[in-house]
1. Considering only the range 142-169, state which residues are over 16 Å from Pro74 (Cβ atoms), within 16 Å of ligand 1 (Cβ to nearest atom) and in contact with a strand residue (DSSP E or B) (Cβ under 6 Å, 6 or more places away or on another chain).
2. Does any residue in the range 190-211 that is of a type in the set (Val, Ile, Thr) come within less than 7 Å, Cβ to Cβ, of a residue that is open to solvent by less than 20 Å² (accessible area, probe 1.4 Å) and away from ligand 2 (no atom under 16 Å from the Cβ) six or more places away or on a different chain, and which pairs are these?
3. Answer yes or no as to whether Gln182 is open to solvent by 30 Å² or more (accessible area, probe 1.4 Å), in a helix (DSSP H, G or I) and either under 13 Å from Phe82 (Cβ atoms) or not basic (Lys, Arg) (or both).
4. Among the residues that make up the range 43-56, is at least one of them touching a helix residue (DSSP H, G or I) at 6+ places or on another chain (Cβ under 6 Å), within 15 Å of ligand 1 (Cβ to nearest atom) and under 23 Å from Thr187 (Cα atoms)?
5. Does Glu7 satisfy the condition of being more than 8 Å from ligand 1 (Cβ to nearest atom), closer than 24 Å to Ser196 by Cβ and not hydrophobic (A, V, I, L, M, F, W, C)?
6. Where the second residue is assigned to a loop (DSSP other than H, G, I, E, B) and crowded, with 17+ Cβ neighbours inside 10 Å and the first is among the basic types (Lys, Arg) and lies in the range 101-126, which pairs have Cβ atoms under 8 Å and are six or more apart or on separate chains?
7. Please tell me if Gly163 is crowded, with 16+ Cβ neighbours inside 10 Å and small (Gly, Ala, Ser).
Amino acid sequence: PAYISIENVGKAYGSRHGAVKALSGIDLQVREGEFLSILGPSGCGKSTLLKCIGGLENITTGSLKIRGQPLSGPPAKAGMVFQRDVLLDWRTILDNVLITAEFLGLRREDLKPRAMQLLKRFGLSGFENRHPWELSGGMRQRASICRALLCDPELLLMDEPFGALDAMTRDDLNLELARIWQDTRKTVVFVTHGISEAIFLSDRVVMMDRNPGRIAEVLEIDLPRPRS
Ligand code: ADP
Ligand code: ADP
């Protein structure tokens with residue numbers, strides 16, 4: 001059985017000028033532990049599809065289930081990373097990573113060792129007590145990933161997480177992400193418009209079209225992965 005089951009999903013945004021049809025007839029089964037990328041031109045509905053999976057937007061038609069359960073609100077076991085980091089400037093990097101614990105009502109102290117370990121894994125040792133504005137864009141996205149991973153989510157949703165970074169930093173982070181995925185085998189849904197990035201990282205690549213946003217093709221990728 002599929003981990004995420006999406007059947008005939010449509011999504012329209014309302015506006016003063018009428019509805020914008022962002023998604024139409026989306027059918028997709030996401031397997032447990034797979035790395036799935038969603039690729040397509042700007043405006044084809046990639047972010048919308050990811051937000052629907054993350055429970056941040058409601059679907060208009062069709063059905064969306066995680067482990068057979070219809071989604072109502074953000075799934076507790078999902079970590080999310082967006083293009084623009086959402087770190088709080090007045091908090092230290094460590095405290096930003098620990099925010100997830102607060103959201104879930106867990107004790108900060110219990111999760112601090114794991115936060116420190118994740119920061120180390122992502123090359124941020126020594127920056128725990130710095131503030132976001134003291135770090136580069138790449139470092140901030142590393143911290144955002146640590147935050148998303150803090151409570152060991154079974155699902156990681158990423159919306160062009162490295163889209164705003166320079167090409168070399170992006171390559172580094174993609175390699176790091178591939179290694180993390182090898183270690184943990186979390187289910188990942190990754191939105192990008194970089195085709196080489198999608199092929200490098202993924203088990204499957206979903207290609208979307210616009211007007212209306214729909215799936216054009218699903219590619220199975222079978223390439224050797226980097227090892228940790
Ligand atoms: P992509 O991520 O592929 O660039 P989006 O999912 O952001 O595509 O957008 C798909 C379509 O839905 C676009 O036409 C976009 O303008 C529209 N859209 C996205 N978000 C909203 C919103 N909050 N309100 C109205 N229209 C939106
Ligand atoms: P993306 O990188 O996904 O293409 P955009 O720059 O198109 O992002 O959109 C940024 C944000 O604005 C997103 O959260 C999206 O949902 C929202 N948005 C996009 N199009 C519209 C729209 N037509 N009306 C309202 N909000 C929109």
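The values are calculated or read from the model by the stated rules, or taken from the named source; none is laboratory data. Treat the numbers as computed from the prediction; the structure is a model and nothing was measured. A quick note on method: Cβ atoms are made from the backbone with ideal geometry, for glycine too, and the neighbour counts reach across all protein chains shown. When the accessible area is computed, the model is the full protein with side chains, heavy atoms only, and any ligands, DNA or RNA have been set aside. Shrake-Rupley method; radii C 1.70, N 1.55, O 1.52, S 1.80 Å.
1. Listed by number, the residues that qualify are Glu160, Pro161.
2. Ile199/Val205; Val206/Leu28; Val206/Leu36
3. Against the criterion (open to solvent by 30 Å² or more (accessible area, probe 1.4 Å), in a helix (DSSP H, G or I) and either under 13 Å from Phe82 (Cβ atoms) or not basic (Lys, Arg) (or both)), Gln182 qualifies.
4. Of all residues in the range 43-56, those touching a helix residue (DSSP H, G or I) at 6+ places or on another chain (Cβ under 6 Å) come to none.
So far as the range 43-56 goes, no, none of its residues is touching a helix residue (DSSP H, G or I) at 6+ places or on another chain (Cβ under 6 Å), within 15 Å of ligand 1 (Cβ to nearest atom) and under 23 Å from Thr187 (Cα atoms).
5. no
6. Arg108/Leu98; Lys112/Leu98; Arg114/Leu150
7. So Gly163 passes the test.
A quick yes/no check of all residues on (1) under 15 Å from Val206 (Cα atoms); (2) open to solvent by less than 10 Å² (accessible area, probe 1.4 Å); (3) within 16 Å of ligand 2 (Cβ to nearest atom):
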| position | (1), (2), (3) |
| --- | --- |
| Ile6 | yes, yes, no |
| Tyr13 | no, no, yes |
| Arg16 | no, no, yes |
| Leu23 | yes, yes, yes |
| Gln29 | yes, no, no |
| Ser37 | yes, yes, yes |
| Cys44 | yes, yes, yes |
| Lys51 | no, no, yes |
| Asn58 | no, no, yes |
